[in-house]
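Take a look at the structure below.
Derivation of every value follows stated rules applied to the coordinates shown; laboratory data play no part. The structure presented is a predicted model; accordingly, all values stated were derived computationally and were not measured. Ideal geometry is used to build each Cβ from the backbone, glycine not excepted, and the neighbour counts take in all protein chains shown.
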Amino acid sequence: MTASRHAAPATLPIGSDADLAWVRQQVRQAAAELGFGLVQQTKLVTAASELARNTLVHGGGGHVVLTPLHTGQAQGLRLSFVDSGPGIRDLEQAMTDGYTSGGGLGLGLSGSKRLVQEFEVDSTPGGGTTVTVTAWATIVPPTRPGL
Amino acid sequence: MTGAAGPPLAGATGGYGFTVPVLRLGDVLLVTLQGELHDGMAEQLQHDITSRIAGSRVTGVVIDISGVDIVDSFLGRVLAEIAAGAGLLAARTVLAGMRPAVAITLVELGLTLPGLRTALDVERAMELLTGDPRDGERSP
């Protein structure tokens with residue numbers, strides 16, 4: 001009756017402004033289908049927008065792979081942003097708030113990391129960059145004691 | 001880059017086929033952002049608004065973002081730069097109608113837009129810009 005919810009990974013190109021908009025729309029749709037709440041969707045789409053722009057501006061374009069994850073009860077979405085650009089020479093510096101090589105605000109990498117649960121950068125100078133982030137849908141937002 | 005003198009209701013097109021409505025209400029420019037805003041379009045908008053302020057006598061700008069799903073660091077920078085440019089041209093800018101999810105996300109992103117005045121909706125933004133008590137009430 002119902003189609004399989006285990007959707008296959010989707011690959012989207014990142015080569016222009018319009019592609020960035022398309023990536024944002026597709027990430028939002030995928031997150032909504034996986035049961036992400038509005039705030040979670042907004043955080044993930046914002047992180048995707050930052051990282052896709054990095055791929056475009058710093059990596060000279062590339063692609064993103066969207067992978068829905070189903071682990072037991074948990075639903076997640078993994079996004080891998082891949083470019084074959086110059087790579088990141090000093091990762092620690094690139095991850096610092098306010099550091100920029102591209103004339104932006106320097107919040108792309110460091111800010112995105114705060115918006116997702118898992119964050120991984122794989123970069124070699126001259127060999128391109130892959131940034132992989134994962135976010136998990138939580139049904140009930142965790143409340144901290146004392147709040 | 002386009003010339004400054006557009007008709008009163010012209011907005012930014014950015015070459016993508018859709019427009020950002022820019023309305024003049026008295027001394028205030030009301031800019032309504034909606035849905036997906038391409039990077040190039042945001043930059044075009046910045047140019048258009050600044051030109052409109054210089055070419056008219058507006059003293060305030062309201063940017064309504066109640067229809068905007070996400071604000072990332074690029075759009076945040078453009079909004080801050082629009083406000084800064086308006087300030088240099090003696091106009092005040094109020095950002096109106098930010099969605100709660102956008103506000104939460106911007107704080108975690110680390111982009112709290114200091115110096116950018118905000119209001120919950122357009123009505124309150126207009127009050128902020130036109131309700132300066134030092135101007136006094138016009139009496140008969």
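With each label modelled as a point 7 angstrom along the Cα→C-beta vector, the A:Glu92-A:Trp22 pair spans 4.0 nm. In this simple spin-label model, placing a label point 7 Å from the Cα along the Cα-to-Cβ direction at both B:Thr112 and A:Glu33 gives a separation of 3.8 nm. Here r is the Cβ-Cβ distance between B:Ala103 and A:Thr138 and R0 is 22 Å; the resulting FRET efficiency, rounded to 0.05, is 0.65. Mean per-residue shielding of peptide A:44-55 is 4, counting Cβ atoms of other chains within 10 Å of each Cβ. Counting, for every residue in A:107-115, the Cβ atoms of other protein chains within 10 Å of its Cβ and taking the mean gives 4.
Each residue of segment A:120-125 was assigned a 3J(HN,Hα) from its phi angle through the Karplus curve 6.51 cos²θ - 1.76 cosθ + 1.60 (θ = phi - 60°); the sequence is 9, 10, 10, 9, 10, x Hz, with glycine and proline shown as x.
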